[in-house]
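Undergrad: Have a look at the structure that comes next, please.
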Amino acid sequence: MRENITIVGGGLAGLTAAIACAEGGAVVVLHEAHHTLGGRARSTATPYVANDGTHVFYSDGLPWRWLDERGLVRPFAPIRPGHLARVRFRRDGRLTGRPPAGLLRMVARRGLTAPVDEDFGSWTTRRFGAGAARAAARFLGVVTYESDPGRLSAAFAWERLRRVLAPRYPAARYVAGGWGRVIDRMAARARDLGVRIETGSRADRLPEGRVIVATSLDAARGLLGDGSLRWESGRSVLLDLAVRADPRDMFLVSDLDEGGFLERYSLPDPSLAPPGESLVQMQMPMRPDEPKAAALARLERIADLALPDWRGRTTWRRDAVAAGRSGALDLPGTMWRDRPAVQRGDGVWLAGDQVAAPGMLSEVSINSALAAARAALAS
């Protein structure tokens with residue numbers, strides 16, 4: 001007899017769990033409260049296709065391999081050598097093509113093991129000096145959405161720094177057409193496997209039987225009535241722009257002054273904007289209690305450097321605040337195994353980007369969903 005498994009949530013984690021459970025022979029029903037699937041993996045509609053934040057996949061991890069084996073992430077637009085010539089660092093209010101010597105020293109010592117119990121700022125200051133520690137912390141703003149990555153566990157932050165600064169050709173992959181295309185393919189595969197997907201279907205109480213809850217921790221906390229479902233996350237302001245193309249525009253700027261980030265996504269993937277225009281996505285970690293307008297003003301100063309005269313060239317714009325929806329942050333003394341467990345007992349499992357699974361950002365969603373699916377199928 002085929003087992004019945006219910007998935008609550010139709011984002012990246014929920015669709016991953018639905019596919020894995022259906023591949024394992026289960027009868028799967030997926031409930032999504034919104035009228036569209038995708039969650040934070042949604043993209044805007046054409047002609048300006050922007051992800052919900054500065055998203056890329058990394059090809060050096062299990063989540064990418066799992067998606068790729070199922071034909072869910074191709075075609076993709078890799079970074080080419082010409083793109084790298086348009087990469088800059090913001091240092092002391094100016095753009096430079098040279099990374100700080102302290103970051104290069106860190107790359108050379110990537111074999112070091114960082115402690116879980118010490119904060120990243122203290123550990124890197126002791127090992128590499130205060131200047132290098134500040135630069136590394138600012139560099140990590142893009143993968144933590146956190147204004148002070150130096151306060152995080154050294155092991156947590158060091159793992160991310162090693163991934164992003166790996167001394168090889170960049171592993172970043174830009175799925176042609178944006179992440180919304182991945183969601184469309186995942187939904188199609190799930191339906192081909194017999195998954196019944198119900199959108200506009202909000203679960204106000206926990207369904208009966210085997211259930212994988214693939215929602216935010218806030219939503220899961222209410223659904224499961226479990227106040228312990230909490231974990232640290234980041235807070236950033238997001239700014240997306242479409243501008244008329246200019247050959248002076250940068251491809252990528254890593255802000256080592258304030259932790260911001262700018263990327264012209266339409267350079268590797270021109271389909272994201274109309275001909276003659278560029279699609280740019282930006283992010284700035286917000287300081288404690290900082291108003292949105294102040295963070296946006298700091299972010300616009302990066303655009304001033306990277307996109308000359310961008311205000312007069314803008315054809316489309318949107319901005320938002322990402323608070324508590326940018327993945328897990330591990331503080332000193334904690335690691336991914338200490339986050340809310342996938343196994344909740346009584347036939348309930350949890351999946352998402354703030355639960356007990358390894359990986360970086362969205363990789364946690366996929367890894368936790370696969371762990372939940374394996375457990376549900378085996379139970």
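Undergrad: Answer with yes or no whether Val87 is under 22 Å from Ala306 (Cβ atoms), open to solvent by 20 Å² or more (accessible area, probe 1.4 Å) and modelled with pLDDT of 95 or more.
TA: yes
Undergrad: Moving to a separate point now. Of the residues in the stretch 213-244, how many are out of contact with any helix residue (DSSP H, G or I) (no Cβ under 6 Å at 6 or more places or on another chain), among the small types (Gly, Ala, Ser) and touching a residue at least 40 places away in the same chain (Cβ under 8 Å)?
TA: 7
Undergrad: Could you check the stretch 327-354 and list, in sequence order, the residues that are acidic (Asp, Glu) and closer than 27 Å to Gly150 by Cα?
TA: Listed by number, the residues that qualify are Asp330, Asp338, Asp353.
Undergrad: Now a separate question. Can you tell me which condition Asp319 does not meet? The list is (1) part of a strand (DSSP E or B); (2) under 26 Å from Leu224 (Cα atoms); (3) open to solvent by 20 Å² or more (accessible area, probe 1.4 Å), and all the others hold.
TA: (2)
Undergrad: Sticking with this structure for a sec: Using the structure shown, decide if Ala378 is hydrophobic (A, V, I, L, M, F, W, C), free of Cβ contacts under 8 Å to residues at least 12 places away in the same chain and out of contact with any Phe, Trp or Tyr (no Cβ under 6 Å at 6 or more places or on another chain).
TA: Yes, satisfied.
Undergrad: Sticking with this structure for a sec: Could you please tell me which pairs satisfy a Cβ distance under 6 Å, a separation of 6+ or placement on different chains, a first residue in the stretch 89-102 that is over 19 Å from Phe128 (Cβ atoms), and a second residue that is open to solvent by less than 40 Å² (accessible area, probe 1.4 Å) and not aliphatic (A, V, I, L, M)?
TA: Arg90/Asp255; Thr96/Phe89
Undergrad: Is it the case that Val243 is surrounded by 18 or more Cβ atoms within 10 Å (Cβ to Cβ), touching a strand residue (DSSP E or B) at 6+ places or on another chain (Cβ under 9 Å) and closer than 30 Å to Gly111 by Cα?
TA: Judged against the criteria, Val243 is not a match.
Undergrad: Residues Pro358, Pro340: which one is in a loop (DSSP other than H, G, I, E, B) and buried (at least 20 other Cβ atoms within 10 Å of the Cβ)?
TA: Pro340
Undergrad: Cβ-Cβ below 7 Å, separation at least six or inter-chain, first residue in the stretch 299-313 and in contact (Cβ under 8 Å) with a residue 24 or more places away in the chain, second outside any helix (DSSP H, G or I) and of a type in the set (Gly, Ala, Ser): which pairs?
TA: Hits for this filter: Leu299/Gly260; Ile302/Gly260.
Undergrad: Restricting attention to the stretch 254-272, which residues are surrounded by fewer than 23 Cβ atoms within 10 Å (Cβ to Cβ) and free of Cβ contacts under 8 Å to residues at least 60 places away in the same chain?
TA: Pro270
Undergrad: Select from the stretch 98-112 the residues that are part of a loop (DSSP other than H, G, I, E, B) and at pLDDT below 95 and write down the one among them that is most open to solvent (accessible area, probe 1.4 Å).
TA: Arg98
The values are calculated or read from the model by the stated rules, or taken from the named source; none is laboratory data. Nothing here was measured: the structure is a model prediction, and the numbers come from that model. Glycine also receives a Cβ, built like all others from the backbone with ideal geometry; neighbour counts cover every protein chain displayed. Heavy atoms of the whole protein, side chains included, go into the accessibility calculation; ligands, DNA and RNA do not. Shrake-Rupley method; radii C 1.70, N 1.55, O 1.52, S 1.80 Å.
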